[in-house]
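The values are calculated or read from the model by the stated rules, or taken from the named source; none is laboratory data. Because the structure is a prediction, the values reported are computed rather than measured. Backbone-built Cβ (ideal geometry, glycine too); neighbour counts: all protein chains shown.
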Amino acid sequence: MAAQKGKDLLLKMYDGATYVTVAGLRSRTLAFNAQTVDVTHAESAGRWRELLAGAGVKRASISGSGVFKDAASDALVRTAFFEGELRDCQVVIPDFGTVSGPFQVSALELAAAHDGAVTFDLTLESAGVLAFAAL
């Protein structure tokens, strides 16, 4: 994958009819994690840790920060948080692929300086099976 513009990594949330780009994001992060299951025992070779393949819980989190820009996507994020809804989301990774599946908005933070714009930070956590489609 060659170098890409950060602005081309998009977070989209399904509104019931179409995927809406969460507008105003200045930075975005997509992180994948998988727990390990340690099955090391007294007879493990050389006392090296042993892990059980495929047994851990997998999860993904999306975080971002930005400024309010679009009333429709702002309302979608706000409603998803306050209602505790699971929403289908897509993360479009340029020249790589799309990750999609259910997410819950687990954090929504607002900040403002007296001489600046109101900003927001949000975190979404995966809530089910995610799919990856290569571009």
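Quick notes on this structure:
- Unique match (being modelled with pLDDT of 95 or more, out of contact with any Leu (no Cβ under 7 Å at 6 or more places or on another chain) and surrounded by fewer than 18 Cβ atoms within 10 Å (Cβ to Cβ)) among L135, L130: L130
- Candidates in region 18-38 are the residues that are modelled with pLDDT of 90 or more and not in a strand (DSSP E or B); of these, the one that is surrounded by the fewest Cβ atoms within 10 Å (Cβ to Cβ) is T18.
- Residue in region 1-55 that is farthest from P94 (Cα to Cα), counting only those that are of a type in the set (A, V, I, L, M) and touching a Ser or Thr at 6+ places or on another chain (Cβ under 6 Å): L51
- G56 meets all of the listed conditions (1) over 12 Å from the mean Cα position of the chain (by Cα); (2) modelled with pLDDT of 95 or more; (3) not aromatic (F, W, Y) but one, namely (2).
- Wholly within region 56-135, strands (runs of 3 or more DSSP E) carrying at least 1 residues that are within 30 Å of V37 (Cβ to Cβ) and small (G, A, S): 58-67, 97-111, 119-126, 131-134
- A single entry from V91, V57, V105 fulfils the requirement of being among the β-branched types (V, I, T) and over 17 Å from S27 (Cα atoms): V57.
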